Amino acid sequence: MAAIFQGVGAAAALSSLPSNSFDSKNFLFSPRRSFSVRKAPSFVVVRSDGTMNLDLNPKGRRAQQFIANAVATKEDSSAVSSFSKPGNELLLFEALREGLEEEMKRDPRVCVMGEDVGHYGGSYKVTKGLATKFGDLRVLDTPIAENSFTGMGIGAAMTGLRPVVEGMNMGFLLLAFNQISNNCGMLHYTSGGQFTIPIVIRGPGGVGRQLGAEHSQRLESYFQSIPGIQMVACSTPYNAKGLMKAAIRSENPVILFEHVLLYNLKERIPDEDYICNLEEAEMVRPGEHVTILTYSRMRYHVMQAAKTLVNKGYDPEVIDIRSLKPFDLYTIGNSVKKTHRVLIVEECMRTGGIGASLTAAITENFHDYLDAPIICLSSQDVPTPYAGTLEEWTVVQPAQIVAAVEQLCQ
């Protein structure tokens, strides 16, 4: 492994030369059988009209409606075909791949490593086709050894590369917690600024559809206390691509959280190059009565609840905080000063979760603007059950959000 990255590092040192001066395809290894045997479940495709269907089983039962409209309310323009709009319609996992591929073309120092990321294309196909295009030196299949390949990625970043490390599931990255906390987050400080660690650690997490307790982890709260780490969570194909590109270009270590149930969300994104600010929240729906702060999958539960709330005469303001560390207190603060009421909706655990930290930050900075206590809706502090009905009970549902807003606005 050391020899491999020594070779790539030498190529990266020539980055001042034209980008085509280093062609990793010339260094293709002979294909080998993957070390990893972990498999991921299939998911439904969520179309822009809010319906979803299983690609792998066209004769399967009709899927239930899924609220996919998570953007600010706009006038209905159904008369205009969506295909007449500029850009490409991509699934979220395809948007992540497109962002990663664009950055690999732009900068020869960008490389990928993880279990099955090479010729298999990753468990959720985020890296599909990249090994063929960029070679096995830049898209490196690793054994099932999260502590080893995460540490290797951190070392590669210290030498000047820009590695993207994929955890097949965020729960598996607990095996690399020492490398992420003691090395990734602190080396810039402990080396007296001699090293920067421009690494991206990404992967799927969150409560899926009966994936069991160990594959339903939400690790945001685990990593938020590590000094020197930035954390972002994508929720749409547009911000998934923009955050991926911004994270790769950042000089700081960034953890990008992806949700297993959002990979097949579809959206039209622009053709031109763009990035999203890693420290900026997104105003999803402007409103006057209450500020609802959320992120990742819960964005869609909130928007589903927002439709009910509007019908009941409430005007909620919905903000996707996106940046889990640091918080965008400018956007959040302006909203609090306008609505004077705050509801936090998260899939993270209640004890020590993102919502708890966000509650503390708002109380500390904007207490005088609050007309009611902050309400935080979080997942229950229990292992996620395998049974589907019990699984739903552990996660915040739209009806709970509606009830919480009604309580706040009394």
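The values are calculated or read from the model by the stated rules, or taken from the named source; none is laboratory data. Just so we're clear, the structure is a prediction, and the values are computed from it rather than from any experiment. As a convention, Cβ positions derive from the backbone with ideal geometry for all residues, glycine included, and neighbour counts pool all protein chains shown. The area values use the complete protein model at the heavy-atom level, side chains included, leaving out ligands, DNA and RNA. Shrake-Rupley method; radii C 1.70, N 1.55, O 1.52, S 1.80 Å.
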Original post:
Is it true that Asn252 is within 25 Å of Thr150 (Cα to Cα) and not hydroxyl-bearing (Ser, Thr, Tyr)?
Top reply: yes
Subject >> Qualifying positions in the stretch 218-228 - open to solvent by 10 Å² or more (accessible area, probe 1.4 Å) and touching a residue at least 12 places away in the same chain (Cβ under 8 Å) >> reply: Arg218, Glu220, Ser221, Tyr222, Gln224, Pro227, Gly228
**OP:** Would you point out the residue of the stretch 159-195, among those that are open to solvent by 70 Å² or more (accessible area, probe 1.4 Å) and either of a type in the set (A, V, I, L, M) or touching a helix residue (DSSP H, G or I) at 6+ places or on another chain (Cβ under 6 Å) (or both), that is nearest to Ile226 (Cα to Cα)?
**Re:** Leu175
Subject >> Failed criterion for Leu377 (all others in (1) closer than 20 Å to Arg299 by Cβ; (2) open to solvent by 80 Å² or more (accessible area, probe 1.4 Å) hold) >> reply: (2)
Subject >> Tally of residues being closer than 17 Å to Ser296 by Cβ, among the charged types (D, E, K, R) and without any contact (Cβ under 8 Å) to a residue 60 or more places away in the chain across the stretch 267-278 >> reply: 0
Original post:
Is there a residue being among the hydroxyl-bearing types (Ser, Thr, Tyr), open to solvent by 60 Å² or more (accessible area, probe 1.4 Å) and in contact with a helix residue (DSSP H, G or I) (Cβ under 9 Å, 6 or more places away or on another chain) anywhere in the stretch 333-352?
Top reply: yes
Subject >> Glu364, sole failed condition from (1) modelled with pLDDT of 95 or more; (2) under 29 Å from Val310 (Cβ atoms) >> reply: (2)
Original post:
Can you tell me which residue in the stretch 106-151 is farthest from Tyr274 (Cα to Cα), limited to those that are out of contact with any Ser or Thr (no Cβ under 8 Å at 6 or more places or on another chain) and of a type in the set (A, V, I, L, M)?
Top reply: Ala145
